[in-house]
Amino acid sequence: MSKMGKSSKDKRDIYYRKAKEQGWRARSAFKLLQIDEKFHIFDGVTKAVDLCAAPGSWSQVLSRRLYLGEEIVIKDKCCLFYNEIHDDKVEEPKEASGSQRNENVKIVAVDLQPMSPLPGVIQIQGDITKYSTALEIMKHFEGDYAELVVCDGAPDVTGLHCMDTYIQSQLLLGALHITCNVLKPGGTFVAKIFRGKDNDLLTNQLLTLFKEVHVVKPSSSRNSSIESFVVCQNYAPPEEFDPKLMTPYLDVSNKDFSTLEGVNRTIIPFVVCGDVSAFDSDTTYPLQLEGEEPYEYRPPVQPPIAPPYSFTHTLKKGELEECMKKMEDIAINVMSGNMDIETAELARKELCGGGKIVKTKSEQKGSSADRVVSKYTDKESTSSKVDAASLDSNNEAEHMFDNGPYFDLIQKTTKLRKAANKPEGEIASQKELELQCMYEDENTDPEMVKECLERLNVNSTTQSSCTCCGSNE
């Protein structure tokens, strides 16, 4: 069991297995090797710096490629035809002897944590946010500048993408701070980044200091990882640019750029903070901004004309229940022929005037739910009668409340009434009707339909009973 558990990761991750087979401290060594395959960043390099170096896989690549002079083969040559298998045999990489070591190569590795020694690598335990670390690197180069600076540093991820990206960007800023102080013009800078919405802004920030900037993702980097790498070539800072002035602004609380002058007044704020020409949409600002009038709350300039939530939000507790009962009574009276469409519309407007229930004096005195309905179903107030058969044939009852807040409720009630008026052989059971009304239209609120079905008792006769007031119409 233990052997199978140890080998399971070797099966899942080919680069993890190959790193152990080839003697690399971590699989990340292949990322730097694949970047070099494409951009040839090691050509002509005699002085290199590895920032955030521990556990030392990138320093190991620099040591074996630059100091020991090894020709490292990442993978065997792909043979397309069988007759190519015996041609151009790939030789195993051999470590150079002590006499072939390039003593002119100097490699400096910087990290807060110590790591095991490597041939030709000078280790410094230092902070990349301190200018003193850059001075110590320059001492080992005897006043000369580096041709290559690499950084594979990353924070302990939290799983919060925005937080991880921000912390990684601060690591990148610290690495760039050291790079600008130790890299010679024309040099190369390679660093890890986390992909996010501000990748274009990051590229433009780096283009102020480098002529070429590429964002790459080596094949050895997992697709599930948000990491990528920036390859910045041909370091060409503007004239009069002083990288030492960046150091105070690595503290995120320091936003006073008033002491900067000349080109530094433009370059450093842009590199440190990004685009400061407008407000940041992802930042929370205080209500009282400096230099503005005292804060005062203002309502929206143009509120919604008829929002779908206006009816329910303006009702108090118990008023929605009362309104639904009266709406059902109106629908039943229209379909049974006791009320015409125009009169029903007047009753509906009285119930739902401007999203609020409008009560008359008579309604305020009594608590009966059929006050409004009886007001419009009286023989003297009703202008004309329309029987249920003509309403069904003209299909007018289904469209009378097209713009009302309870169109779905009225529509389902109409379907129930039509089913109740069919011959006995065609009448569906109550449960079947409920399922039909609930699932026929996916946009219908199931709670509203359920509420309607609980109150409306559908019989096979032509008469309907209103369960909300306990009276038969």
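The values are calculated or read from the model by the stated rules, or taken from the named source; none is laboratory data. These figures come from a predicted structure and were not determined experimentally. Cβ atoms come from the backbone with ideal geometry, glycine included; neighbour counts cover every protein chain shown.
Every listed requirement among (1) over 14 Å from residue 50 (Cβ atoms); (2) of a type in the set (Asp, Glu); (3) modelled with pLDDT of 85 or more is met by residue 92 save one, (3). For beta carbons closer than 8 Å, sequence separation of 6+ or different chains, a first residue in the stretch 131-158 that is touching a residue at least 12 places away in the same chain (Cβ under 8 Å) and a second that is of a type in the set (S, T, N, Q) and part of a loop (DSSP other than H, G, I, E, B), the qualifying pairs are 147/46; 152/28.
Can you confirm whether the stretch 146-168 contains a residue that is assigned to a helix (DSSP H, G or I), surrounded by fewer than 16 Cβ atoms within 10 Å (Cβ to Cβ) and charged (D, E, K, R)? No, there is no match, as no residue in the stretch 146-168 is assigned to a helix (DSSP H, G or I), surrounded by fewer than 16 Cβ atoms within 10 Å (Cβ to Cβ) and charged (D, E, K, R).
Just one of the numbered conditions (1) within 24 Å of residue 133 (Cβ to Cβ); (2) aliphatic (A, V, I, L, M); (3) not in a strand (DSSP E or B) is not true of residue 191: (3). Contact map, the stretch 8-32: first residue under 21 Å from residue 153 (Cα atoms) and of a type in the set (A, V, I, L, M), second residue crowded, with 18+ Cβ neighbours inside 10 Å and modelled with pLDDT of 90 or more, Cβ cut-off under 6 Å, separation 6 or more or different chains; pairs are 19/27; 26/57; 29/57; 29/61; 32/58; 32/61.
Per-residue answers, yes or no, for (1) free of Cβ contacts under 8 Å to residues at least 40 places away in the same chain; (2) outside any helix (DSSP H, G or I); (3) buried (at least 18 other Cβ atoms within 10 Å of the Cβ); (4) of a type in the set (D, E, K, R):
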{"residue": "220", "(1), (2), (3), (4)": "no, yes, yes, no"}
{"residue": "232", "(1), (2), (3), (4)": "no, yes, yes, no"}
{"residue": "248", "(1), (2), (3), (4)": "yes, no, no, no"}
{"residue": "252", "(1), (2), (3), (4)": "no, yes, no, no"}
{"residue": "268", "(1), (2), (3), (4)": "yes, no, yes, no"}
{"residue": "281", "(1), (2), (3), (4)": "yes, yes, no, no"}
{"residue": "284", "(1), (2), (3), (4)": "yes, yes, no, no"}
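Annotation: of all residues in the stretch 179-205 being farther than 22 Å from residue 43 by Cα and among the hydrophobic types (A, V, I, L, M, F, W, C), the one that is surrounded by the fewest Cβ atoms within 10 Å (Cβ to Cβ) is 201.
Scanning the stretch 103-159 for residues that are of a type in the set (Asp, Glu) and closer than 21 Å to residue 41 by Cβ, which turns out modelled with the lowest pLDDT? The qualifying residue modelled with the lowest pLDDT is 144. Of all the numbered requirements in (1) modelled with pLDDT under 80; (2) surrounded by 10 or more Cβ atoms within 10 Å (Cβ to Cβ), residue 308 misses one, and that requirement is (2).
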